[in-house]
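*Asks:* I'd like to ask some things about the structure below.
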Amino acid sequence: MSFVSYFLAIHEDVQQRLQEEIDNMLENTGGKVTYEEVIALKYLDMVISETLRMYPPASAMDRVCVKPYWIPPSGNQPGMAFREGDILEIPIFGLHRDKEYFPEPDKFDPERFSNENKHKIKPFSFIPFGIGPRSCIGNRFALMESKVVLVYLISKFNLKVVDKTPIPVRLSKNNAVPEPEGGFWLGLELRGH
């Protein structure tokens, strides 16, 4: 939630477009927020997905190899052998910031996740909650909770940059999860409807 709020504050055009989508939804539902309406908010999903790409909930995940496995050489990459019991570390943060998979990886661009563009994302290169049978079991709940909170927040307030807002954000070196050094400082301005 913090990183989404941060990006919305520093990218006013993105915030405005998201507010328009949310305002239209609320107008069509008479102000009611329903599950069906929230999951239909495409731009909200794009904004959250891009935020999760840039700052996934965990910077890495590990897996234990359950049987010997060989990855053959590819291009200029050598082959790699794994033994049963080997622990594999998957660098989610690094993968999401790799320009081979995401052009201009340090640029916040929700359009990467539009219907027109998301087919360009290579399989298994976007894994904010892990992947496969051991992916985060709470990811759907976390996404829905974030979306509902953002709908209420963005419908009522403009998120603003203040003097103490860190631009660019610097991550704390003391955490395994991405967290800004010194926290986030943002302002709220009541929207006039």
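The values are calculated or read from the model by the stated rules, or taken from the named source; none is laboratory data. Everything quoted here is computed from the prediction, not taken from an experiment. So basically every Cβ, Gly included, is an ideal-geometry build from the backbone, and we count neighbours across all protein chains shown.
*Asks:* Anything in the range 150-179 that is within 20 Å of residue 54 (Cα to Cα), surrounded by 11 or more Cβ atoms within 10 Å (Cβ to Cβ), of a type outside the set (D, E, K, R) and under 17 Å from the mean Cα position of the chain (by Cα)? List them, or say none.
*Replies:* 150, 169, 171, 177, 178
*Asks:* Which of the residues spanning the range 13-41 are over 16 Å from residue 149 (Cα atoms), of a type outside the set (Val, Ile, Thr) and touching a residue at least 24 places away in the same chain (Cβ under 8 Å)?
*Replies:* Within the range 13-41, just 17 meets the criteria.
*Asks:* When the range 15-60 is examined, which residues are found to be outside any loop (DSSP other than H, G, I, E, B) and either on the phi > 0 side of the Ramachandran plot or of a type in the set (Val, Ile, Thr) (or both)?
*Replies:* If the condition is that a residue be outside any loop (DSSP other than H, G, I, E, B) and either on the phi > 0 side of the Ramachandran plot or of a type in the set (Val, Ile, Thr) (or both), then 22, 38, 39, 47, 48, 51 are the ones that fit.
*Asks:* Do we have residue 145 as out of contact with any Cys (no Cβ under 9 Å at 6 or more places or on another chain), part of a helix (DSSP H, G or I) and over 19 Å from residue 3 (Cα atoms) here?
*Replies:* No: the conditions fail for residue 145.
*Asks:* Regarding residue 182, is this residue loosely packed, with under 14 Cβ neighbours inside 10 Å and not hydrophobic (A, V, I, L, M, F, W, C)?
*Replies:* Considered against the rule, which asks whether it is loosely packed, with under 14 Cβ neighbours inside 10 Å and not hydrophobic (A, V, I, L, M, F, W, C), residue 182 comes out as yes.
*Asks:* Looking at residue 10, is it of a type in the set (A, V, I, L, M, F, W, C) and modelled with pLDDT of 95 or more?
*Replies:* yes
*Asks:* So, one more: Kindly indicate the residue of the range 27-78 that is among the hydroxyl-bearing types (Ser, Thr, Tyr) and more than 19 Å from residue 116 (Cα to Cα) and also surrounded by the most Cβ atoms within 10 Å (Cβ to Cβ) among those meeting that condition.
*Replies:* Top of the filtered list is 55.
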